[in-house]
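A short worksheet on the structure shown next.
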């Protein structure tokens, strides 16, 4: 049974999400990949204001394909998250609560998640056509020059994902595989 | 001597770029369906169901299966009795340019690995030429995503490492990759040649229909054995656990030096795209 998650994502909501939970995410989320993260962290280092409200925000690591015909947005599945590892601890310290991506994270990211209370969701990599249907509105907020990598504001409805790493640091990539292997014994 | 016009190559490459990004090869679709049916782990089964629905949507709506529409890898088998009227290389790039713009495919190529400025039309293509007997021209476009490309590795083994070394290296690459390359994956392996030829063979291996085993029974058995071993790791679809980690293992091999045993493993995700045409 899926848990419904609506943004902005509060600390209370985060505490309730456990590694392995299937979720459906609705509300406003933001997109950013490495290039946008680099700029956001540079702004933060200079003490300047970010182009969106980072408090209790969820960032989707995605560089969508261009919209075709009457599409709101083109195919939009997650990109590999480890490329954001150098930046995510800074973003989490600034108040970001959720990340949507795929693949492993660094110990530094997990430490920041535990310290500040954040959650890492996995969306299905390679399911871009399916996931784009959950995006009801898309607009560029900043960094238009980055093309697919621009910072976008998305309104999503029932975006399917699962909790990979929860705010206690429990990791589905470790436990899921082990539980499956144990089930064969 | 047969004449082929460069414009015809541009038109073919353009079409292949667009179609390869929306239509998954039938052997890959069959394998995803079979794995979906046979998967026993709940979350893994749900994920495979969505992966299946995803390629159906892409096909029906003629939109990209994955937003990473890749760098366009273009393979040519050119008959030695063919003459191209016009600039062949430019004709290929032009086909990629037109296909990626008209097809609303993502432009994912930067002009320089360090200054990282996007070329905005997905050129240049990565081109691989093979000169073959005859007067045919076979074109294959394989859009290669980098989530899986980044998880690929090359290693110069010692001859003494032998078959066991080869097996251990394949397992190491898959294990290192874990959930990152969007499993279930297709594993392309190149053994032999030189440092670069091994990598080329691994990429070529990914172009082979996954229902066709290596013609050499020894390597065909090795493909089957490695697939079984990889799926016993329990990584599962997207790394959440389960029996479906790889859809297929394709191995290509060639002669090598007395002092060496080069091996390359090129990983592809479940969106293993390639489309060919003969002109």
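The values are calculated or read from the model by the stated rules, or taken from the named source; none is laboratory data. For clarity, every value in this text was computed on a predicted model and none was experimentally measured. No Cβ is skipped: glycine too gets one built from the backbone with ideal geometry, and neighbour counts run over all protein chains shown.
List the strands (runs of 3 or more DSSP E) that sit entirely inside region A:1-72 and contain at least 3 residues that are in contact (Cβ under 8 Å) with a residue 40 or more places away in the chain and over 21 Å from residue B:68 (Cα atoms).
Per the criteria, A:22-31.
Among the residues that make up region B:124-145, is at least one of them surrounded by fewer than 22 Cβ atoms within 10 Å (Cβ to Cβ), under 24 Å from residue B:12 (Cβ atoms) and without any contact (Cβ under 8 Å) to a residue 40 or more places away in the chain?
Scanning region B:124-145 turns up at least one residue that is surrounded by fewer than 22 Cβ atoms within 10 Å (Cβ to Cβ), under 24 Å from residue B:12 (Cβ atoms) and without any contact (Cβ under 8 Å) to a residue 40 or more places away in the chain.
Is it true that residue B:115 is within 14 Å of another protein chain (Cβ to nearest Cβ), assigned to a loop (DSSP other than H, G, I, E, B), buried (at least 19 other Cβ atoms within 10 Å of the Cβ) and on the phi < 0 side of the Ramachandran plot?
It is false that residue B:115 is within 14 Å of another protein chain (Cβ to nearest Cβ), assigned to a loop (DSSP other than H, G, I, E, B), buried (at least 19 other Cβ atoms within 10 Å of the Cβ) and on the phi < 0 side of the Ramachandran plot.
Identify, please: which residue in region B:214-235 is in contact (Cβ under 8 Å) with a residue 12 or more places away in the chain, surrounded by 17 or more Cβ atoms within 10 Å (Cβ to Cβ) and not in a helix (DSSP H, G or I) and is, among those, nearest to the chain's Cα centre (by Cα)?
Checking each candidate, the answer is B:214.
Tell me which residues, restricted to region A:106-115, are surrounded by fewer than 18 Cβ atoms within 10 Å (Cβ to Cβ) and under 19 Å from residue A:10 (Cα atoms).
Passing the criteria: A:111, A:114, A:115.
Going by the conditions given, is residue B:264 farther than 25 Å from residue A:178 by Cα, more than 14 Å from chain A (Cβ to nearest Cβ), buried (at least 24 other Cβ atoms within 10 Å of the Cβ) and out of contact with any helix residue (DSSP H, G or I) (no Cβ under 7 Å at 6 or more places or on another chain)?
For residue B:264, the condition - farther than 25 Å from residue A:178 by Cα, more than 14 Å from chain A (Cβ to nearest Cβ), buried (at least 24 other Cβ atoms within 10 Å of the Cβ) and out of contact with any helix residue (DSSP H, G or I) (no Cβ under 7 Å at 6 or more places or on another chain) - is not met.
Checking the structure you have, find out if any residue of region B:177-187 is touching a strand residue (DSSP E or B) at 6+ places or on another chain (Cβ under 8 Å), part of a helix (DSSP H, G or I) and touching a residue at least 24 places away in the same chain (Cβ under 8 Å).
The answer is yes, given that some residue of region B:177-187 is touching a strand residue (DSSP E or B) at 6+ places or on another chain (Cβ under 8 Å), part of a helix (DSSP H, G or I) and touching a residue at least 24 places away in the same chain (Cβ under 8 Å).
Report yes if some residue within region B:236-253 is modelled with pLDDT of 95 or more, more than 14 Å from every other protein chain (Cβ to nearest Cβ), out of contact with any helix residue (DSSP H, G or I) (no Cβ under 8 Å at 6 or more places or on another chain) and crowded, with 17+ Cβ neighbours inside 10 Å; otherwise report no.
For region B:236-253, residues modelled with pLDDT of 95 or more, more than 14 Å from every other protein chain (Cβ to nearest Cβ), out of contact with any helix residue (DSSP H, G or I) (no Cβ under 8 Å at 6 or more places or on another chain) and crowded, with 17+ Cβ neighbours inside 10 Å: absent.
Under the condition of being crowded, with 22+ Cβ neighbours inside 10 Å and in contact (Cβ under 8 Å) with a residue 12 or more places away in the chain, which residue from region A:164-185 is farthest from the other protein chains (Cβ to nearest Cβ)?
A:167
Of (1) closer than 30 Å to residue A:165 by Cβ; (2) touching a helix residue (DSSP H, G or I) at 6+ places or on another chain (Cβ under 9 Å), residue B:167 satisfies all except one. Which?
(1)
Would you tally the residues in region B:258-279 being in a loop (DSSP other than H, G, I, E, B) and touching a strand residue (DSSP E or B) at 6+ places or on another chain (Cβ under 9 Å)?
8
Could you list all residues from region B:60-77 that are free of Cβ contacts under 8 Å to residues at least 60 places away in the same chain and either in contact with a helix residue (DSSP H, G or I) (Cβ under 6 Å, 6 or more places away or on another chain) or more than 10 Å from every other protein chain (Cβ to nearest Cβ) (or both)?
Across region B:60-77, the qualifying residues are B:62, B:63, B:64, B:67.
Cβ-Cβ below 7 Å, separation at least six or inter-chain, first residue in region B:237-253 and not assigned by TED's automatic domain parsing to the domain that holds residue B:193, second buried (at least 24 other Cβ atoms within 10 Å of the Cβ) and assigned to a strand (DSSP E or B): which pairs?
From residues that are not assigned by TED's automatic domain parsing to the domain that holds residue B:193, there are no pairs.
Conditions first: (1) away from every other protein chain (no Cβ under 14 Å); (2) within 24 Å of residue A:126 (Cβ to Cβ). Residue A:49 passes all but one, so which condition is the exception?
Checking residue A:49 against (1) away from every other protein chain (no Cβ under 14 Å); (2) within 24 Å of residue A:126 (Cβ to Cβ), the one that fails is (2).
For (1) crowded, with 18+ Cβ neighbours inside 10 Å; (2) part of a loop (DSSP other than H, G, I, E, B), each residue gets a yes or a no:
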position	(1), (2)
A:74	yes, yes
A:96	yes, yes
A:104	yes, yes
A:120	yes, no
A:136	no, no
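Out of (1) within 9 Å of chain A (Cβ to nearest Cβ); (2) touching a residue at least 24 places away in the same chain (Cβ under 8 Å), what's the single condition that is false for residue B:17?
(1)
If residue B:118 satisfies every condition in (1) more than 27 Å from residue A:106 (Cα to Cα); (2) touching a strand residue (DSSP E or B) at 6+ places or on another chain (Cβ under 9 Å); (3) at pLDDT 95 or above but one, which is the exception?
Unmet for residue B:118, out of (1) more than 27 Å from residue A:106 (Cα to Cα); (2) touching a strand residue (DSSP E or B) at 6+ places or on another chain (Cβ under 9 Å); (3) at pLDDT 95 or above: (3).
Only one of A:148, A:123, A:127, A:161 is within 15 Å of residue A:100 (Cβ to Cβ), out of contact with any helix residue (DSSP H, G or I) (no Cβ under 8 Å at 6 or more places or on another chain) and within 12 Å of chain B (Cβ to nearest Cβ); which?
A:161
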